[in-house]
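Asker: Take this structure, written in structure tokens, and hold onto it; I'll ask about it next.
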Amino acid sequence: MAAFTAVVTLGTLTLMLPDASAGGEETGVVTALFTAVSAVCVTGLIVVDTAAHWSTAGQWVILGLIQIGGVGVMTLASVLIIAVRHRIRLKLQLSVGVESKAVTLSEVRRVIFGIIWFSLLFETVTAAALTARFLVGYGYAPGRALYHGVFHAVSAFNNAGFALYSDSLMGFATDPWIILPIALAVIAGGLGFPVWIEIRRRREPGPRRRWSLHARITLSVTAVLLVVGTVLVTALEWTNPRTLGPMDTGDRLLSGFFHSAMPRTAGFNSLDVGGFQTQTLFVTDMLMFVGGGSAGTAGGIKVTTFALLAFVIYANVRGEPTVHVGDRRLSAGVEQQALVVALLAVGLVFVSTLVLMTITPFTLDQILFEVISAFATVGLSTGITADIPVAGQLILCLLMFIGRIGPITLATALALRRRARRIEYPEERPTVG
């Protein structure tokens, strides 16, 4: 947390410099802070137009903050997962020959280099595809095409959603050569580093390894949410004259898929979000709140948390004493972690929404969308971010920071901190329901 705070502080001071703005004037501290937090937390919410307000130098600073934030989150989450697995594995050991419970330096180093290689690979492939399209399809000069390709590739893979166009990607809504590479990069970053490690290992020669429960849940729930999101967004917006209405069938399906993938916590939009139906905003709220995979660049409570809660509910409805997922039984500790993370997230969203409703004139739909977008580090907005008062913008900054670091550290703390009660009181069952 201290490292992220330091990076945000440095980014804020740098963005305040006159050279960082297109007009050569010093940027206000709140605007610089909001942009730095949004970039480091790979959110994408903005209070000034990225293309118009920031100079090329300022945009490079934002890009650097996005890269640091994305790699930093994946590294932090992956190292903490190693620590948790070590602790749990060692508790299950029957032998006493293990000398240390610490995560070894070699493991940390391997994770860091693996994440850097993994990130650069996806970003390079996406940047190459986008650069080629900007060159051939839009006649950009080579330097400009490369710059736009790299910027949007890094922003997409890190689920940041910053764009070099004032209307985000609305100008490319019907161009699959731009929309699909960005959507695929967003999905790839949102799956998480541990899942991609398993995918790579399964392609290696030798005996096939079984999928871990984490990978199975992440991949299956991701696919389900993408399909369900695409169907709902496309159906709800099919005749909306402000979004999908004027498009042909193919373009409607393309835009529906894109806006199903973006709530995985990337703030790009190819349609006017402010023109969405109320029902579509609500569907997007739910998709944003769930988010993507653990130890990736996505935010939200994570698809694993969402799926585990669904399995807990299913088991309790059936009257089963334990929760089973496939051929595995969930520990009570994991069930508690999922419940605590989800309930605290709901509480934080509720309180923040209530406060913003008190200090702003906007509707519940708009404020709830903005709050969930900030907490889940998505970056989608109905267009009210810049008009929210300073106090509200600072609340959004806090939400982005907590949403980026909070679920990771909270889940790890719950997994690692266990203490036995010295005294147990008599059991009693209060009435429920």
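The values are calculated or read from the model by the stated rules, or taken from the named source; none is laboratory data. What you see is a predicted model, and the numbers here were worked out from it, not measured in a lab. Glycine gets a Cβ as well: all are built from the backbone with ideal geometry, and neighbour counts include every protein chain shown. Protein only, heavy atoms only, side chains kept; ligands, DNA and RNA dropped before computing areas. Shrake-Rupley method; radii C 1.70, N 1.55, O 1.52, S 1.80 Å.
Asker: Among residues belonging to region 121-139 that are of a type in the set (Val, Ile, Thr) and buried (at least 21 other Cβ atoms within 10 Å of the Cβ), point out the one that is farthest from Pro181 (Cα to Cα). Even if it seems obvious, please write down each step before you answer.
Answerer: First, the residues of region 121-139 that are of a type in the set (Val, Ile, Thr): 124-126, 131, 136.
Applying the additional criterion that residues be buried (at least 21 other Cβ atoms within 10 Å of the Cβ) yields 126, 131.
Numbers: Thr126: 6, Thr131: 11 Å.
Among residues in region 121-139 that are of a type in the set (Val, Ile, Thr) and buried (at least 21 other Cβ atoms within 10 Å of the Cβ), the one farthest from Pro181 (Cα to Cα) is Thr131.
Asker: Please verify whether region 95-118 includes one or more residues that are modelled with pLDDT of 80 or more, open to solvent by 60 Å² or more (accessible area, probe 1.4 Å), within 18 Å of Val73 (Cβ to Cβ) and not small (Gly, Ala, Ser).
Answerer: Checked against the condition, which is being modelled with pLDDT of 80 or more, open to solvent by 60 Å² or more (accessible area, probe 1.4 Å), within 18 Å of Val73 (Cβ to Cβ) and not small (Gly, Ala, Ser), region 95-118 yields at least one hit.
Asker: If you go through region 203-218 one residue at a time, do you hit one that is of a type in the set (Ser, Thr, Tyr) and within 30 Å of Val312 (Cβ to Cβ)?
Answerer: Taking region 203-218 as the starting set, the residues that turn out to be of a type in the set (Ser, Thr, Tyr) are 212, 218.
Checking which are within 30 Å of Val312 (Cβ to Cβ) leaves us with 212, 218.
Yes, because at least one residue in region 203-218 is of a type in the set (Ser, Thr, Tyr) and within 30 Å of Val312 (Cβ to Cβ).
Asker: Scan region 45-55 for residues that are open to solvent by 10 Å² or more (accessible area, probe 1.4 Å) and either in contact (Cβ under 8 Å) with a residue 40 or more places away in the chain or of a type in the set (A, V, I, L, M) (or both) and jot them down. Steps first, answer last, please.
Answerer: Residues of region 45-55 that are open to solvent by 10 Å² or more (accessible area, probe 1.4 Å), as a first pass: 46-49, 51-53, 55.
Result: Ile46, Val47, Val48, Asp49, Ala51, Ala52.
Asker: Something else: For the condition touching a Leu at 6+ places or on another chain (Cβ under 8 Å) and of a type in the set (Val, Ile, Thr), what is the one hit in Val317, Val351, Val341, Val355?
Answerer: Numbers: Val317 fails: touching a Leu at 6+ places or on another chain (Cβ under 8 Å); Val351 fails: touching a Leu at 6+ places or on another chain (Cβ under 8 Å); Val355 fails: touching a Leu at 6+ places or on another chain (Cβ under 8 Å).
Going through Val317, Val351, Val341, Val355 in turn, the sole match is Val341.
Asker: So is Val323 open to solvent by 20 Å² or more (accessible area, probe 1.4 Å) and either of a type in the set (A, V, I, L, M, F, W, C) or touching a Cys at 6+ places or on another chain (Cβ under 8 Å) (or both) or not? Break it down into steps so the answer makes sense when it comes.
Answerer: Details: open to solvent by 20 Å² or more (accessible area, probe 1.4 Å): no; either of a type in the set (A, V, I, L, M, F, W, C) or touching a Cys at 6+ places or on another chain (Cβ under 8 Å) (or both): yes.
No.
Asker: Further, regarding this structure: Which of the residues belonging to region 7-37 are open to solvent by 60 Å² or more (accessible area, probe 1.4 Å), assigned to a helix (DSSP H, G or I) and of a type outside the set (Val, Ile, Thr)? It would help to see each step written out before you state the result.
Answerer: If we filter region 7-37 for residues that are open to solvent by 60 Å² or more (accessible area, probe 1.4 Å), which is where we start, we get 9-10, 13, 17, 19, 22-23, 25-26, 29.
Adding the requirement that they be assigned to a helix (DSSP H, G or I) leaves 9-10, 13, 19, 29.
Leu10, Leu13, Asp19 - these are the residues of region 7-37 that are open to solvent by 60 Å² or more (accessible area, probe 1.4 Å), assigned to a helix (DSSP H, G or I) and of a type outside the set (Val, Ile, Thr).
Asker: Given the options Gly149, Gly143, name the one that is out of contact with any helix residue (DSSP H, G or I) (no Cβ under 8 Å at 6 or more places or on another chain) and modelled with pLDDT of 95 or more. I'd like the intermediate steps shown before the answer.
Answerer: Values: Gly149 fails: out of contact with any helix residue (DSSP H, G or I) (no Cβ under 8 Å at 6 or more places or on another chain).
Just a single option satisfies the conditions, and that option is Gly143.
Asker: Report whether or not Gly58 is within 17 Å of the chain's Cα centre (by Cα) and at pLDDT 65 or above.
Answerer: Values: within 17 Å of the chain's Cα centre (by Cα): no; at pLDDT 65 or above: yes.
So Gly58 fails the test.
Asker: May I ask you to say which residue of Leu219, Leu169 is crowded, with 17+ Cβ neighbours inside 10 Å, more than 17 Å from the chain's Cα centre (by Cα) and hydrophobic (A, V, I, L, M, F, W, C)?
Answerer: Answer to the selection: Leu169.
Asker: Output yes when any residue across region 296-305 is modelled with pLDDT of 95 or more, under 21 Å from Ala160 (Cα atoms) and buried (at least 22 other Cβ atoms within 10 Å of the Cβ), and no when none is.
Answerer: Taking region 296-305 and keeping what is modelled with pLDDT of 95 or more, we get none.
No, there is no match, as no residue in region 296-305 is modelled with pLDDT of 95 or more, under 21 Å from Ala160 (Cα atoms) and buried (at least 22 other Cβ atoms within 10 Å of the Cβ).
Asker: Name the residues in region 324-339 that are under 19 Å from Val290 (Cβ atoms) and not in a helix (DSSP H, G or I), would you?
Answerer: Across region 324-339, the qualifying residues are Val325, Leu330.
Asker: Further, regarding this structure: Quick check on region 346-363: of everything there that is in a loop (DSSP other than H, G, I, E, B) and of a type in the set (S, T, N, Q), which residue is farthest from Ile388 (Cα to Cα)? Even if it seems obvious, please write down each step before you answer.
Answerer: Applying the first criterion (in a loop (DSSP other than H, G, I, E, B)) to region 346-363 yields 360-363.
Subsequent filtering for residues that are of a type in the set (S, T, N, Q) retains 360, 363.
Details: Thr360: 7, Thr363: 12 Å.
Only one residue tops the list, namely Thr363.
Asker: Looking at region 271-293, can you tell me whether even one residue there is part of a loop (DSSP other than H, G, I, E, B), polar (S, T, N, Q), open to solvent by less than 10 Å² (accessible area, probe 1.4 Å) and touching a residue at least 40 places away in the same chain (Cβ under 8 Å)?
Answerer: Looking only at region 271-293, we keep the residues that are part of a loop (DSSP other than H, G, I, E, B), and these are 271-272, 276-277, 291-293.
Now narrow it down to the ones that are polar (S, T, N, Q): 277.
Next, only the ones that are open to solvent by less than 10 Å² (accessible area, probe 1.4 Å) stay: none.
No: zero hits.
Asker: Next question, about the same structure. Given Ala266, Ala261, Ala215, which one is part of a helix (DSSP H, G or I), of a type outside the set (Phe, Trp, Tyr), closer than 20 Å to Gly379 by Cβ and touching a residue at least 12 places away in the same chain (Cβ under 8 Å)? Lay out the reasoning, then the answer.
Answerer: Numbers: Ala266 fails: part of a helix (DSSP H, G or I); Ala215 fails: closer than 20 Å to Gly379 by Cβ.
Being part of a helix (DSSP H, G or I), of a type outside the set (Phe, Trp, Tyr), closer than 20 Å to Gly379 by Cβ and touching a residue at least 12 places away in the same chain (Cβ under 8 Å) holds for just one of Ala266, Ala261, Ala215, which is Ala261.
Asker: Report, by residue number, each residue of region 222-233 that is farther than 14 Å from Gly292 by Cα and open to solvent by less than 30 Å² (accessible area, probe 1.4 Å).
Answerer: Answer for region 222-233, where residues must be farther than 14 Å from Gly292 by Cα and open to solvent by less than 30 Å² (accessible area, probe 1.4 Å): Thr230, Val233.
Asker: Moving on. Could we say that Leu254 is free of Cβ contacts under 8 Å to residues at least 60 places away in the same chain, surrounded by 14 or more Cβ atoms within 10 Å (Cβ to Cβ) and part of a helix (DSSP H, G or I) here?
Answerer: Numbers: free of Cβ contacts under 8 Å to residues at least 60 places away in the same chain: no; surrounded by 14 or more Cβ atoms within 10 Å (Cβ to Cβ): yes; part of a helix (DSSP H, G or I): yes.
In short, no.
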